[in-house]
Amino acid sequence: MAPGMFPIAVLPGDGIGVEVVAEAVRVLEGADRRFQLGLELREGLIAWAAVRAGRPRLPEETRRLVADSRAVLFGAAGLPESEGLAPRDRPERALLELRRLLDCFANLRPVRVLEPLIPASPLRAEVVRGVDFVVVRELTGGLYFGEPRGIERLPDGRERAVDTMVYSTDEIERVVRVSFDLARGRRRRLVCVDKANALETSTLWRRVVDRLAADHPDVTVEHMYVDNCAMQLLRRPRDFDVIVTENLFGDILTDEAAALTGSIGMLPSASLGAGAGLFEPIHGSAPDLAGRGVANPLGAILSAALLLRWACRREDAAAAVEAAVGAALAEGMRTADLAGLSGPALTSRQMGDAVLARL
């Protein structure tokens, strides 16, 4: 590695991942020029993009690329062709394998309602104005990875499906510690979301959170059932500061929370662990939009800002990218998912241009 270089693996993946990551890369390059960050961006294949190139869904060369990088910028995974495949055989499962490879156990999903986009929210302005919270989702355990799993045919001809939710104390502890640390840097309020009235795993989550709370007396801790949390995100979203929860609940709740911001295309994420971080927008591959140049790249661009903050440790560069996004929106720049708010819709490239011009 050349002195001062910061290697970043760029994995656009499938569908609109290709288009939104292209704009995030341009913004990273712009930030590199302005702040002299020493970034080295190197692209690799994953998921359907790899399969269509005649490679496994997570090729060995991509594994090596990731191993030699200090951060990974990812786009999206999945195409309609997956519908006929068993979950374990789908190329998009490469993303789960990548998370496991990197041991990215804590997925941070910040949810902020920006003032210019308040009219895009389905909720009233007085409910969403000022919303600013983070969901910390456990990312390498739970139902998505538990064994046994599968579908079996019974002797009488019926089929039975099994998924297993498994969590150990250490898996819970490490993500909860991240959440406490994050809350200490914010408004010092932590909500642990579970289903302890029905699930044994949730009972263990509560035990661990309560034990660690004794080490963090400066943080207020609340337990909340996941169904109640889903309702309170709509009734009083401003009351939340940091939410920590297991894998499945975090996946569902953050998609709901994305609606508060006006578009799922606005939400970034940072997946952190012991090694390189994984940074990606939370939206899917949206194959119906792919190739049309209309996808909102701001979630990917804001994910690049999180990469600058958490991987590069350059708050100045991260804040500059976020300010550029805010300025573009404040001046009425909108992609198709937000275009009903003001004026004609911009293409993905034009929105990238708008952010770059203000960076």
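The values are calculated or read from the model by the stated rules, or taken from the named source; none is laboratory data. Computed from a predicted model, the values in this text were never measured in an experiment. Note: ideal-geometry Cβ built from the backbone for every residue, glycine included; neighbour counts use all protein chains shown.
Descriptive notes on the structure:
- Here ALA286 meets each of (1) assigned to a helix (DSSP H, G or I); (2) crowded, with 19+ Cβ neighbours inside 10 Å with one exception, condition (1).
- The listed residues are LEU28, LEU41, and the only one of them that is in contact with a Pro (Cβ under 9 Å, 6 or more places away or on another chain), aliphatic (A, V, I, L, M) and either crowded, with 20+ Cβ neighbours inside 10 Å or modelled with pLDDT of 95 or more (or both) turns out to be LEU41.
- Any chance ARG137 is of a type in the set (Lys, Arg), modelled with pLDDT of 95 or more, in a helix (DSSP H, G or I) and not assigned by TED's automatic domain parsing to the domain that holds GLU97: no
- Pairs meeting the criteria (first residue in segment 301-329 and buried (at least 24 other Cβ atoms within 10 Å of the Cβ), second residue among the polar types (S, T, N, Q), beta carbons under 7 Å, at least 6 apart or on different chains) are SER303/SER269.
- Just so you know, in segment 257-274 the residues that are small (Gly, Ala, Ser) and under 15 Å from LEU234 (Cβ atoms) include one that is surrounded by the fewest Cβ atoms within 10 Å (Cβ to Cβ), and it is ALA259.
- Any chance ARG99 is modelled with pLDDT under 95, crowded, with 19+ Cβ neighbours inside 10 Å and under 26 Å from SER303 (Cα atoms): yes
- Subset of segment 26-53 (residues that are in contact with a helix residue (DSSP H, G or I) (Cβ under 8 Å, 6 or more places away or on another chain), aliphatic (A, V, I, L, M) and outside any helix (DSSP H, G or I)): LEU37, LEU39, LEU41, LEU45, ILE46
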